[in-house]
Each structure stands twice: as C-alpha cells, then as structure tokens.
1. Find me the longest stretch of the chain that has none of the exposed GluC sites (Glu not before Pro), where exposed means in a DSSP loop (not H, G, I, E or B) with at most 15 other Cβ atoms within 10 Å.
2. So, counting K/R as plus one and D/E as minus one, what does the shell of residues with Cβ under 15 Å around ALA101 add up to?
3. Ignoring any ligand, DNA or RNA, what whole percent of the accessible area of the range 18-232 comes from carbon and sulfur when the probe is 1.4 angstrom?
4. For the range 18-232, restrict the atom set to alpha-carbon positions and state the Rg and Dmax in Å.
5. Give me the angle, in degrees from 0 to 90, between the Cα long axis of helix 322-340 and the longest principal axis of the Cα atoms of the chain, rounded to the nearest 10.
6. Of the DSSP beta bridges with both residues in the chain, give the percent that are antiparallel, rounding to the nearest 5.
7. Rounded to the nearest 500 deg cm²/dmol, what is the calculated helix-only ellipticity per residue at 222 nm for the chain, with -39500 (n - 2.57) per DSSP H run of length n ≥ 4?
8. For helix 297-313, what angle does its Cα long axis make with the longest principal axis of the chain, in degrees from 0 to 90 and rounded to 10?
Amino acid sequence: MASSRTLGTFRLPPLPTIREIIKLFRLQAVKQLSQNFLLDLRLTDKIVRKAGNLTNAYVYEVGPGPGGITRSILNAGVAELLVVEKDSRFIPGLQMLSDAAPGKLRIVHGDVLTFKIERAFPESLKRQWEDDPPNVHIIGNLPFSVSTPLIIKWLENVSQRNGPFAYGRTRMMLTFQKEVAERLTATTGSKQRSRLSIMAQYLCDVQHILTIPGQAFVPKPEVDSGVVHFTPLTRPRIEQPFKLVEKVVQNAFQFRRKYCHRGLGMLFPEARRLESTGKLLELADVDPTLRPTQLTVSHFKSLCDVYRKMCDEDPHLFAYNFREELRQKSKKEDDKQSCRL
Ligand code: SAM
C-alpha cells in the first residue's frame, strides 16, 4: 500500500526545458521524418490527462522524441513507462529523464512497427477480455505516415487479441492528422465517414478528444492534429475475420459518391456481378441505393455475415480481386491487338 502511494505521488525533479534539451543535444527536427515536437508541458499534461487515470499504470509511449509527453506521463504517477524511439539522437535526452525517474523509464531504441510489446510488461497485468481494461495504456504522437498504418495493424491485433491486446482491452491514445481523426470517429451519414470509421468503430469505442492546432508544434506542420482515444469493445460489432471485414468495407467505399451496390459489386466476378450483388444486398436487407457513407456498422455486420456465407459456399470467392480481373482482361485485349498487327 505504502509503495503504491509512493508511485502515485512521484514528480520529476527540476529539469532543463524541452527547448533546452533540443538545443543541448542538437535535436533539430528532421523534415523528411515528419518530426514535429510539443514543447508546452501544460499542453502535454492536458493530453496525458485525457488518457485517464495513469496512477500505477504501465504505459507504452511510441515516438517520445525530445520527451515532452514522456515527462507528463512520468508525472502522472505511472508504475513504469516504456518508450520506443527510432531516431538515436533522442536517446541521450531520454536517458537524462530516466536518471531523473529511477526505475520508471525504460528506453528502447527501435521501431514501433516491429517492437513486441506483448512480452515487455509483467504477465500479472493480463486481464480476461471481458473484464475491465488492464492497467496498460498506449500513448503516442507519431508522424502521420506511421500512425495510420500502425492503427490498422493494431486494430487487427484487437480483433485477434494479440500484440498490445495480449494484456486484454488495452486503451490507446494517439494523435493523427485532424482529418484522419475525424474519419476514425465519423458517424453514419457524415462527410468524413470512410473505411477507417467502420474498421475502428466495429472493434473499439472511439473518441476524438482533442484538436491540437498546428502552431502548438515546433516546427509547425501544415495541418492540425486530432487526439483519438480507443477502448476495445468486449464484443466486436462484427464477428467475422478482420481481413473479411476489411475486404467488404474497402469495396463498399470504392465509389464513395455512388450507390453502395456499385462498390459492393466489386466483390464478385464480372460474369455474375449483378446476380451476386443482388443476392448479397437482399439477404443482408440493405437498400442498394444507400451511399457508402450512409451505411451503419450494423449494415456492415449483415453484409459481412452474408458475404461470409457466400465465401463458404464458393471457396474461390474470397480470393477474387476485381483489379486482377481487369488486368487480365486488358492483357488479353493487348494480346489480341498485337496478333492483328
Ligand atoms: N512525441 C514527441 C512530441 O510529441 O514532441 C515527438 C513527436 S514526433 C511527431 C514523432 C516521433 O516519433 C519522433 O521522435 C520520431 O523519431 C519518432 N518515430 C517516427 N517513426 C517511428 C517509428 N517507426 N518507431 C519509433 N519512433 C518513431
């Protein structure tokens, strides 16, 4: 009890400011790596507070850079903070933080896309999926080019309950380009409704909790950022394999301004497209004249369930790719042309 109170009340000793750390270790942002730093500790404190109560938590911070968010996480009374940073220039500055918070900060020089967090924290933190979320949190302000593929990878991990979700329903708080944050959280019928909205919302409770204006970063990026919080659902809203859901959703949004039957039709070979699309929509009880943005997660659930049955009846269907069919067709045309010449 006494030790948990000590953990909960930890504060970092006075340290050089992030700006001074950047100067001291010559940490100029590398534009090609889309590095933009948060220097205002009041703002990083605010972001970290939005992750919830971190007292005695185990936190995985991705892309700590010069350590603004890192400091706020340490001041939130965590049990342990593990940071993974790709750019070696940041390691000495992070080491300084680690010395100021003995036993609390673990630094890994590595890549979040390959790092195996499932082995990094104690086994005892693991919870059953249906239980309350474990006291494990992911927090990160990554370059936009990394955060979008990473969230797709982590959503697949949610569906398979592995990777960071081997501990249970690990919560995540990540920054995205504002437009991507809006897509992740877009409701049915809204302009931003997209593939990302469905993929995130069928697996997680997703909240856009904060917009950070571009001028809060150094150097200032061209766009604002959105901070998004994810809590995996105890039961996914669609109970089909991730890749199957991804395929149905991707096809549905293929022609986002047209009726949904156009994109969904691309799930089927041309020769029986009309008939199979009709069957899919009828059995799923979905109006073919809805636009993709008007489809609810529950529409997608019905579509995925029916498509799954169709795939079970025809083992070649899932592997079908309309782009490949188009490629083959145009190749045949080219071959015919060259025979005529
Ligand atoms: N979190 C810091 C902040 O808010 O000031 C830095 C943010 S900066 C946008 C992104 C950081 O992620 C940089 O330090 C960059 O080197 C790091 N980074 C980029 N790609 C990474 C990857 N694949 N794995 C780990 N770190 C990465």
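The values are calculated or read from the model by the stated rules, or taken from the named source; none is laboratory data. Being a predicted model, the structure only gives us computed values, none of them experimental. Cβ: placed from backbone, ideal geometry, glycine included. Neighbour counts: every protein chain shown. For the accessible areas, the whole protein counts, side chains as well, though only heavy atoms, and no ligand, DNA or RNA atoms are used. Shrake-Rupley method; radii C 1.70, N 1.55, O 1.52, S 1.80 Å.
1. Details: sites that count: GLU130, GLU222, GLU239.
So the longest stretch without any such site is 1-129.
2. Working: positive: ARG11, ARG71, LYS104, ARG106; negative: GLU61, GLU80, ASP99.
In short, +1.
3. Working: 4340 of 9070 Å².
Here carbon and sulfur together make up 48 percent of the probe-accessible area.
4. 16.4, 51
5. Tilt relative to the chain: about 50 degrees.
6. Values: 16 of 35 bridges.
Expressed as a percentage, antiparallel bridges in the chain total about 45.
7. Working: 13 runs with 138 residues, N = 341.
After summing the helix terms and dividing by the residues of the chain, the value is -12000 deg cm²/dmol.
8. For helix 297-313, the angle is close to 60 degrees.
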